[in-house]
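Have a look at the structure below, then the notes.
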Amino acid sequence: MEGKQNDILASFQSFPGKEELLAKVIEFFPYPIQIYNPDGTSAMVNRAMLAEYNTISPDMLVGKYNIFKDPDVISAGQLQKLKQAFSGETVYFQDVKVPLESIMKRYGMQDLDVEAVYQDIMFFPILNEEKQVIYVTAFFINKRVYHGKTEIEKAKVYIESHWLESFNLDNTAKAACLSKAQFSKLFKKHTGITPHEYYTNYKISKLKEKLIDKNLTIAQAFTACNMNYDGYYARLFKEKTGLSPSAYRKMFWLKSNEGCSIKYQLEDVYQSLSESSQSLFAEQDLLVKIIKFFPYPIQVFSIDGTAKFINKAAQDMIGIRSVESHVGKYNCFEDPIVRELGCLDKLKQVLTGKTVYLNDFNAPYQNMIKYFNVVDRDIHTISSDITCFPLMNDEGEVKYFAAVFIFKKIYEGREEISRGKQYMESHWLEPFSLSNTAKAACLSKVQFSKLFKKHTGVTPYEYYIKYKIEKLKEKLLDANFTIAQAFAACNMNYNGHSAKLFRKKIGLSPSEYRKISGEK
């Protein structure tokens, strides 16, 4: 293992501008990343982390947030497990419900427009040559994001597209397909404000945009928003913003002259982020270590598709025999499996600057052995979600691109069993068919049933039911569905049999499961 790590480091030492390139991998990484000092204090966040929670500046987190003192971490009883990462272990937290209300309150953020988010979070240590923990990296993957009630979303869209008109509760409620009373109550519950307050806030935000236009007088800015510049609306503006319209315009122009206009705020954030990264990664080879210790496979490619770098996880999990057999030789655009799965055109979109998601990329391992120099293992299929993202220079040109492989499942053992599992997992919405499942495994029904039970300990039907129940659990957590709708979305009837089956497998009724899971 140590030899593999040294091979990876050695292969990258001769790579021109390696520190800058790997800094961009972290900076442009499409998943939220936060890096902590050994005392638990935040040392760095990437762009995706800021975008995830609409945080205005990394200064709100870096050097101030301490994960050991986070009340949500403490109340969840996960502090001791978390500290294992700071002792040198890789720690996984699965299906964590993000405490959105607490985060919004802590950082004064606006409505994130989501009902609930469930994440898988992985903490892994960065070690120095003496095997001491010098940083801990947290990697966040959103597994499920539940947006607010669909009725509320419809209403917001209506208000935002009719803001120039006078507010009309009847029409807004009608757009949400609810009565006025139902709609008003539901809107206040999910947003914390009344529909009229939302309308007014949106209208004021549009007025602020007009007020900073030097081509308009203040009165003309009000008129452009279908508002009369009189005492009422001026007082309303001051009530909402804390400034009179003229004072707001003067303050904005003053800031603009000082080089701090809103136009450049995001650039300032990223510049601050870049500077904090440069300061953090001053130590030689530290960037290489972060990618090297990353627990999921990462590859970096030149724009012609040639592999330029792989980390240790790529070597171990994909089965690559050596760095030398892959780097400089493997080309993803010429990969027969990529072509056979019909992903080539989509993959090449990364060269245009887009982040590309290749979901459910199921690579037959025997084909990998056939085409590439990978280790021969007792694996049938590697199923993963692959995210390819561009690495750009300061001019916005794509110079390299990276790929991170989020392994979902590795189908091991008998090829027939793997084929059966894959078939059931891709046909779970259909009624169970032993004939079709056995056919997918190229066996008779009797042979397949006997072999499946021998290798998994359960019958094919039990495996199918378990998988279906897991999908139902996900739907039950979505506030957009009633319990009956959640069952229907899984092609199950919400009757006595289905509810009894759920209780038998989970130990709770569907309503009890929803209530308990929602409180966690």
Open item on the list: Based on this model, can you work out whether residue 164 counts as assigned to a loop (DSSP other than H, G, I, E, B) and buried (at least 17 other Cβ atoms within 10 Å of the Cβ)?
Closed with: no
Open item on the list: Quick check on the stretch 113-133: of everything there that is modelled with pLDDT of 90 or more, crowded, with 18+ Cβ neighbours inside 10 Å and hydrophobic (A, V, I, L, M, F, W, C), which residue is nearest to residue 290 (Cα to Cα)?
Closed with: 124
Open item on the list: List the strands (runs of 3 or more DSSP E) inside the stretch 308-426, counting only whole elements, that have at least 1 residues being more than 22 Å from the chain's Cα centre (by Cα) and among the basic types (Lys, Arg).
Closed with: 398-412
Task: Single unsatisfied condition, residue 500 versus (1) at pLDDT below 90; (2) of a type in the set (Lys, Arg); (3) within 23 Å of residue 97 (Cβ to Cβ) - done: (3)
TODO: Name the residue, out of 514, 503, that is charged (D, E, K, R), in contact with a Ser or Thr (Cβ under 9 Å, 6 or more places away or on another chain) and over 30 Å from residue 389 (Cα atoms).
DONE: 503
Task: Single condition residue 106 does not satisfy, out of (1) more than 15 Å from residue 138 (Cβ to Cβ); (2) modelled with pLDDT of 90 or more - done: (2)
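Any idea which residue in the stretch 170-206 is modelled with the highest pLDDT, counting only those that are outside any helix (DSSP H, G or I) and not polar (S, T, N, Q)?
Here the answer is 193.
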- [ ] With respect to residue 505, determine if the residue is of a type in the set (Lys, Arg), farther than 22 Å from residue 97 by Cβ and in a helix (DSSP H, G or I).
- [x] no
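The values are calculated or read from the model by the stated rules, or taken from the named source; none is laboratory data. Since this is a predicted model, take the numbers as computed values, not measurements. Cβ: placed from backbone, ideal geometry, glycine included. Neighbour counts: every protein chain shown.
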